[in-house]
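Okay, structure first, notes after.
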Amino acid sequence: MLGLAESSGVVANSTSLVLVSVATALVGLWVWSQQKPRKDFPPGPKGWPLIGNILEFMSDTPPQIIFMEHAKKYGDIFSIRIGQRWTVILNGAAVIKEALLKKGIEFANRPSSFSIDLFSEGGKDIVFGQFTPTWKLHRKLAYSAFRTLATGNNERFEKLVYSILPGLIKHLDSKGSEPFNPKTAMASSIYNILATMCFGKQFEFDGPEVKFWMRMSQQGIELVGNGLAADYIPIMKHIPTPAVQKLKNFTHEFYGAISKEMEEHKASEPKDLMEMLLQVRQEMEDDGSEDMTRITETHIRQTVANVFGAGTDTSIFTMHWSVGLLVQYPEVQAKVAAEVDKVVGRDRLPSLSDRDNLPYTTATLYEVMRYSTIVPLSVPHATSKEVEIGGYTIPEGTWVLVNLYSMHYDEKLWDEPHKFQPEHFLDETGEVRLHPEGFMPFSTGRRVCLGESVAKAELFLIFSWLFQHYKFSKAPGMEDEEYAESTTVAFGNMLKENDVVVEKRF
């Protein structure tokens, strides 16, 4: 019996020792998790061990709103922990412009994470690629191709955009008085414009290829936008999960489709983005250029995927918001139509040269961009070197989120920012305010959206043509429904989908 008692005592002591050790480890982990990278690092709300502040984003409140609330307490520069990663949040026009313009190089990098590295095939793209000479070369080549294909010749670009009209007109006219979801029409139009620019061809309107890319878009937003646990808790990358497999399957399918287009573009007179990039690579190979190693087929595939993927998504969502907002505010829709009637008439298509004479129409489109703020936190940044801002020091490699929404809804910059009113972009003479202090839908600085000028031109042409020819209204029985309501999807600000009815204006 004595031996049994002694044995029990040993077990009890061992158990106590284990519990004390675990408790000590947890306390140590807690203390470690609360420690900032340095004393002059931006302050912020305390998080939990391992998961940091992730629980805050489990609520129905969008992250950009949460960040604006934190800014009231901690200031326009504060920090949070997403998993084990310290992340700095920038709010307000002054801070954001200081970071992206005055200290653009220091904030020009992108985060490196498990899901981003997987999706970008090791950071070989333009959107997520690191701020390196190779990245600069590819951005320069893509920008040059844009000028050749689009922004360098208004007449050619207008012809490219309006080439989608037969399919769009047929689609809209077929609806009669039947309610329908306008997002499909917008998606088919934008996909065909970008397909012409990137691949030199168009898809069947609302056909299988359009539906394929719409599915890819939705999956990409959900998988890449939300990220994976391994992005924030590095040890998780060694644990196979269904989410990781889904992302791998998506990446394989997505780039498989892009690679198929590449195979069909091997050598011919360049007439689209893919052929231009492939020709540059071939010329470098023929010349024995050292740059050839920086223009691999993977880089080209990634660049085209960026232009086609990111370029279509933002334009589709903007046009979807345009229809929803002008249905919700019919008086604005009527004023846009009246201005286009007066300036353009009904016998020709709107032209880019009409923009200066269509201030209300242009202001309405800009207000759609501000009000919707489709990418409220921009694409994440990372510091390329240690940098001081606002009295704080941010170490190299720190993740940075830029809260563009905080600018677009700043009550100090906008009169009643939560109201949709094109007058936000008109001065006292009725002319367009082109560069207001708090307007940055395409971000700015070294990582400004590559396709900003193309997107603005494309959206103006489609927007002005659409409301020149058609009137959109709420579907029967939906008169009391809010058509300008947003829904947050993977850190994006999407329009809640509602059916509309359409009628020809003449």
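Taking the convex hull of the alpha carbon positions in segment 357-417 and averaging its projected area over all directions gives 6.0 nm². For the pair S453 and K471, label points projected 7 Å from Cα toward Cβ lie 3.9 nm apart. Between the Cα long axis of helix 182-199 and the first principal axis of the chain there is an angle of about 90°, rounded to the nearest 10.
Counting 0.36 nm for each residue step from E396 to N357 and taking away their Cα separation leaves a gain of 9.3 nm. Taking amide H atoms as placed 1.01 Å from N in the peptide plane, the amide H of I82 lies under 5 Å from those of N53, T87, each 5 or more residues away in sequence or on another chain. For the chain, the longest principal axis of the alpha carbon atoms and the long axis of helix 359-372 meet at an angle near 20°. When R281, R85 are sorted by how many other C-beta atoms sit within 10 angstrom of their C-beta, beginning with the fewest, the order is R85, R281.
Taking the alpha carbon gyration tensor of segment 195-272, multiplying each eigenvalue by 5 and rooting it gives semi-axes of 32, 15, 10 Å, largest first.
Note on V344, V307: ascending count of other Cβ atoms within 10 Å places them as V344, V307, the fewest first.
Quarter the surface of the alpha carbon convex hull of segment 130-204 and you get the mean projected area, 6.7 square nanometres. The string of couplings for segment 130-140 from the Karplus curve (6.51, -1.76, 1.60, θ = phi - 60°) is 6, 6, 10, x, 5, 4, 4, 4, 5, 5, 5 Hz, one whole number per residue in order, with x for Gly and Pro. Rounded to the nearest angstrom and listed largest first, the equivalent-ellipsoid semi-axes of segment 354-506 from its Cα gyration tensor are 33, 19, 15.
Placing R0 at 56 angstrom, the Cβ-Cβ distance between K72 and L165 gives a FRET efficiency of 0.70 after rounding to 0.05. The alpha-carbon positions of the chain define a convex hull whose volume is 200 Å³ per residue.
Using all pairs of distinct alpha-carbon atoms, the Kirkwood hydrodynamic radius of segment 25-176 works out to 19.8 angstrom. Taken over segment 207-325, the percentage of Cα pairs per 5 Å bin, counting from 0 up to the bin with the maximum distance, is 2, 9, 15, 17, 16, 14, 12, 9, 4, 1, 0. Here the Karplus relation 6.51 cos²θ - 1.76 cosθ + 1.60, evaluated at θ = phi - 60°, turns the backbone of segment 236-247 into coupling constants of 5, 5, 8, 10, x, 10, x, 5, 5, 5, 4, 5 Hz, with x for every Gly and Pro.
In this structure, the amide hydrogen of R433, modeled 1.01 Å from its nitrogen in the peptide plane, lies closer than 5 angstrom to those of L426, D427, counting only residues at least 5 positions away or on a different chain. Think of the chain as a dipole: +1 on every Lys or Arg Cβ, -1 on every Asp or Glu Cβ, centred on the Cα centre; then among S351, S79, V127, S79 lies furthest on the positive end.
Each value in this text was obtained by applying a stated rule to the coordinates, not by laboratory testing. Nothing here was measured: the structure is a model prediction, and the numbers come from that model. As a convention, Cβ positions derive from the backbone with ideal geometry for all residues, glycine included, and neighbour counts pool all protein chains shown.
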